[in-house]
Amino acid sequence: MAVIKCGIELKIGDAIESHGGSITLSQLSSSLKCCPLLLHRILRFLVHRGIFKEEKTTQSYSQTPMSRLLTTTGPNSLAPLHLLESSPVMVAPWHYLSACLKAKGRQPFEMAHGMDLWSYAAANPSHSKLVNEAMACFARVVILPAVLQRCGEIFDGVGCLVDVGGGNGTCLSILVKACPWIKGINFDLPHVVSVSQEYDGVQHVAGNMFDTIPKADAAFIMEVLHDWDDEECIKILKNCKEAIPEKTGKVIIVEVVIDENEEISKLSDIRLMMDMIMMTHTIKGKERTNKEWANVLQKAGFSRYTITPTSTIQSVIQAFP
């Protein structure tokens with residue numbers, strides 16, 4: 001939402017935090033150099049949504065658990081993810097969604113920007129940086145804690161792990177820190193890894209997952225396969241299979257698994273919303289059902305697989321040669 005984006009860009013949460021956790025409207029408007037009357041209206045809305053808290057007795061504003069997620073600094077910030085999805089670049093394709101349903105083969109993102117998402121990111125370093133920061137914070141704050149808590153044992157005995165489409169390496173660095181016996185290979189496109197920071201225990205390797213993937217004991221692929229159609233997904237999975245040992249290897253997939261018979265809930269709503277995002281930003285991509293995952297894994301040559309739900313919208317799929 002644009003108002004939340006406004007709050008992030010103004011750094012309201014950061015200002016409150018740096019002021020000791022509580023601040024008056026006058027102090028905040030002075031700190032942010034904003035019109036107090038307009039700022040009050042923004043805050044009134046954000047307080048009503050539960051993002052900030054207003055202390056009526058002291059006429060001051062303070063943080064909430066939600067607002068702390070939207071500060072621009074700190075290890076638990078989700079601000080980059082919100083800034084990505086509310087950016088003009090990512091919002092524009094939504095206006096072409098109905099048109100793309102009639103224009104076979106055309107992507108909403110391509111209709112909005114003249115090229116697909118990946119080409120746009122390669123040509124626009126600032127957007128590429130925003131994409132990778134958003135994916136990194138989502139992995140750091142939401143996905144990996146749930147994966148490690150629910151099924152951390154899947155990394156036992158894995159000496160070398162290649163993160164396929166691993167972005168800037170944040171995800172793999174967290175896994176290596178949690179499982180220090182792992183040697184990590186962060187594998188992504190050249191324009192991504194060339195600007196990635198160095199991490200202990202992580203080697204950045206540039207390449208294309210549609211060509212070949214570095215050899216490792218296991219392949220880890222998170223929030224990548226949903227970007228592609230079944231044919232491309234199968235190609236990536238086959239390359240993952242070729243990169244791991246035939247007898248002891250495995251591919252660890254972290255993705256949404258849609259249950260079409262699931263009762264309506266906040267998580268089911270988010271899963272279906274993610275599917276709409278995939279349609280809008282990639283058109284080929286989709287969130288898959290259990291049956292659809294079984295189809296692509298079987299066609300990629302895997303003999304068996306397991307699916308373990310987590311406390312988030314994602315599940316952990318282990319595929320074995």
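Just a few scattered comments:
- Segment 6-142 - percent of accessible surface contributed by carbon and sulfur, probe 1.4 Å: 59 percent
- Considering only the chain, percent of DSSP beta bridges that pair antiparallel, nearest 5: 45 percent
- Heavy atoms of residue 215: accessible area, 1.4 Å probe, square angstrom to 10: 140 Å²
- Cα convex hull, the chain: 154 Å³ per residue, rounded to a whole number.
- Sequence-distant residues sharing a close amide H with residue 289 (under 5 Å, placed H): 258
- Taking a point 7 Å from the Cα of residue 85 along the Cα-to-Cβ direction, the residues of segment 30-66 with backbone N closer than 20 Å to it are 46-52, 64-66.
- Too-long pairs where the Cα-Cα distance tops 24 Å, listed order kept, from 177/215; 104/286; 183/299: 183/299
- Solvent exposure of segment 205-284, expressed per residue, is 49 Å² of accessible area, with all protein chains present and a 1.4 angstrom probe.
- Each of 1, 29, 245 was scored by the projection of its Cα onto the charge dipole of the chain, and the greatest displacement toward the positive side belongs to 29; charges sit on the C-beta of Lys, Arg, Asp and Glu.
- Fully extending the segment from residue 273 to residue 40 would add 80.7 nm, taking 0.36 nm per residue of separation and subtracting the current Cα-Cα distance.
- A simple charge model with +1 on the Cβ of Lys and Arg, -1 on the Cβ of Asp and Glu and nothing else charged puts the dipole of segment 96-177 at about 280 debye relative to its Cα centre.
- A straight Cα-to-Cα reach below 17 Å connects residue 11 with the lysines 33, 53, residues fewer than 8 places away in its own chain not being considered.
- In this rough spin-label picture, where each label sits 7 Å from Cα along the Cβ direction, the residue 231-residue 194 distance is 3.0 nm.
- Positive minus negative residues near residue 157 (Lys, Arg vs Asp, Glu; Cβ under 11 Å): -2
- Rh by Kirkwood over Cα pairs, then Stokes-Einstein D for segment 152-306 at 1.002 mPa s and 20 °C, µm²/s: 132 µm²/s
- Between residue 311 and residue 27, the contour length at 0.36 nm per residue exceeds the Cα-Cα span by 98.3 nm.
- Subtracting the Cα-Cα distance of residue 208 and residue 260 from 0.36 nm times their residue separation leaves 15.4 nm of extension gain.
- Furthest towards positive pole of dipole, 274, 207, 51, structure part the chain, Cβ charges: 51
- Solvent accessible area, Å² - residue 179, 1.4 Å probe, full protein context: 10 Å²
- ³J(HN,Hα) computed for each position of segment 246-255 - Karplus, 6.51 cos²θ - 1.76 cosθ + 1.60, integer Hz, glycine/proline x: 5, 8, 10, x, 7, 10, 9, 10, 10, 8
- When the Gaussian network model of the chain links Cα atoms closer than 10 Å, the mean-square fluctuations of 184, 13, 21 top out at 21.
- Cα long-axis angle, helix 125-138 against the chain (0 to 90 degrees, to the nearest 10): 90 degrees
- Inter-probe distance in nm under a simple model that places probes 7 Å from Cα toward Cβ, at residue 55 and residue 68: 1.6 nm
The values are calculated or read from the model by the stated rules, or taken from the named source; none is laboratory data. Predicted, not measured: the structure shown is a model, and the values here were computed from it. Please note: Cβ atoms are built from the backbone with ideal geometry, for glycine as well, and neighbour counts cover all protein chains shown. Please note that ligands, DNA and RNA were not included when accessible areas were found on the heavy atoms of the full protein model with its side chains. Shrake-Rupley method; radii C 1.70, N 1.55, O 1.52, S 1.80 Å.
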